[in-house]
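Derivation of every value follows stated rules applied to the coordinates shown; laboratory data play no part. The structure presented is a predicted model; accordingly, all values stated were derived computationally and were not measured. Here the Cβ positions follow ideal geometry from the backbone for every residue, glycine too, while neighbour counts run over all protein chains shown.
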Amino acid sequence: MSDFEVENLSATGVSEPDLLETDGEDKMQGQESSESRKGDVRRKWKEMREAEIAARDKADRQAKEKLQEAAIKHIDDFYENYNRKKAQQLEEVKREADEFLRKKQEFFSQENTTTWDRALQLINEDDADILGNRDRSKFKEILQKLKGNPQAPGA
């Protein structure tokens, strides 16, 4: 619109037809169809965008569900392994404790042995004679002399 048309429109409220325009109605119809095409394009674009967003949301939801299922599976596997290992450890500790108590009972219930005999059994004869800068060979000799003597002091 020219400045004249704007002035004329604002003064009278009616616009004068453009003299260069021969088909005013065709132009209006063209504008309407152009606007309707733009509206269709916008509507289609919005529909496509909403469909893309919905598809993305669905894919994200499915990925999240898969991740949650995998996490639950891993946690369950972890606790199954943990509980299995814990039960095995408890069984092993119980077995070792029973074995220790059995050996202890056998050790103290030996017949025809003195305290010195049992002390000598506890000292491994294959141990090094010097341990921590202390010579233990003399102590072993004394225990070997006391071995089997029920008349030895403290026997």
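Note down, for the stretch 24-109, the three equivalent ellipsoid semi-axes (square root of 5 times each alpha carbon gyration tensor eigenvalue), biggest first, whole angstrom.
Largest first, the stretch 24-109 gives 81, 5, 4 Å.
What ³J(HN,Hα) values, in whole Hz, does the Karplus curve 6.51 cos²θ - 1.76 cosθ + 1.60 give for the stretch 110-122 when θ = phi - 60°, with x put for Gly and Pro?
With coefficients 6.51, -1.76 and 1.60, one gets 5, 8, 6, 10, 9, 4, 5, 4, 5, 5, 5, 5, 5 Hz.
Can you put Leu146, Leu101 in order, fewest other beta carbons within 10 Å first?
Lowest count first: Leu101, Leu146.
Take Asn149 and Arg42, extend 7 Å from each Cα along the Cα→Cβ direction, and tell me the distance between the two endpoints in nm.
Result for the modelled spin labels: 11.7 nm.
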